Amino acid sequence: MMVRKIILIGKGLLVSVLLAGCATTEVVPENDRQVAFVTVHHAILHIPVSATYRWSDGFMQQSEANVIKNVPMHRLLKQGIEQEMQRKGYRQVPQTEQADINISFAAALTSALDDRQIQEKYGLVPGLMVNPLNPKRYEKGTLIFDVLNPQTNKLAWRTAGQALASLEEIPLQERKARIKVFIKKLLAFLPEKE
């Protein structure tokens, strides 16, 4: 009798596990899992130990003002890049002739700039291959960061990253934290200065 009860309890547990395994749940992407990066070096550019930078003229025209509605993404990305540049030992200067490098970035969601257009315009694609389960909540975003030689105004270094961006309203501090992690990975190969 006792053996029969144990078998019935065991069968009940097995059925519960199988039913739970069949339930559908939406998987929310994690920051560090749903990303892809690619870096290319176009030219040799000597960057001194006490390197300085400035924003390239006209770089704002390369990026959408409202990457995500009601979120000042352009400003947040710019601030995030400036903080990471400072952390890496670069100092911002106002004049072109004082800068060792010029920098710029472009940011867009897939709905505004898809992988084919990125390849045509920038010559590289990070290649994040994901289809968000809920395109109203998430969309693939691309951030391209350029380093230009200020003497020639030619591209010296380019890196691009893609990640799933949350289209929903999330706390500003959380969004800044996500941007910080992403930019740190994006600029990982940019030399650090002491």
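In the set (1) in a strand (DSSP E or B); (2) free of Cβ contacts under 8 Å to residues at least 60 places away in the same chain, the condition left unmet by Gln162 is number (2). Within segment 102-114, residues that are under 14 Å from Leu167 (Cα atoms) reach partners that are part of a strand (DSSP E or B) and of a type in the set (Asp, Glu) with beta carbons closer than 8 Å, at six or more positions or on different chains, in the pairs Leu109/Glu139; Thr110/Glu139; Ser111/Glu139.
Looking at segment 150-160, is at least one residue farther than 16 Å from Ile179 by Cα, of a type in the set (Val, Ile, Thr) and within 16 Å of the chain's Cα centre (by Cα)? No, every residue in segment 150-160 fails to be farther than 16 Å from Ile179 by Cα, of a type in the set (Val, Ile, Thr) and within 16 Å of the chain's Cα centre (by Cα). So is Leu133 touching a Pro at 6+ places or on another chain (Cβ under 8 Å) and either at negative phi or at pLDDT 90 or above (or both) or not? No: the conditions fail for Leu133. Phe105 passes every criterion in (1) aromatic (Phe, Trp, Tyr); (2) in a helix (DSSP H, G or I); (3) more than 11 Å from the chain's Cα centre (by Cα) apart from (2).
Anything in segment 116-131 that is of a type outside the set (A, V, I, L, M) and in contact (Cβ under 8 Å) with a residue 24 or more places away in the chain? List them, or say none. Scanning segment 116-131 gives Tyr122, Gly123, Pro126, Gly127. When Leu148 is tested against (1) within 23 Å of Phe189 (Cβ to Cβ); (2) assigned to a helix (DSSP H, G or I); (3) in contact (Cβ under 8 Å) with a residue 60 or more places away in the chain, just one condition goes unmet, and that condition is (2). Within segment 102-154, the residues that satisfy the criterion of being under 26 Å from Met85 (Cα atoms) and charged (D, E, K, R) are Lys121, Lys140, Asp146, Lys154.
Conditions tested, residue by residue: (1) within 19 Å of the chain's Cα centre (by Cα); (2) among the aromatic types (Phe, Trp, Tyr); (3) at pLDDT 90 or above.
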| residue | (1), (2), (3) |
| --- | --- |
| Pro72 | yes, no, no |
| Val93 | no, no, yes |
| Ala112 | yes, no, no |
| Ile118 | yes, no, no |
| Ile144 | yes, no, yes |
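The values are calculated or read from the model by the stated rules, or taken from the named source; none is laboratory data. Since we're looking at a predicted model, the values are computed, not measured. Reconstructed Cβ throughout: ideal geometry from the backbone, glycine too, with neighbour counts over all protein chains shown.
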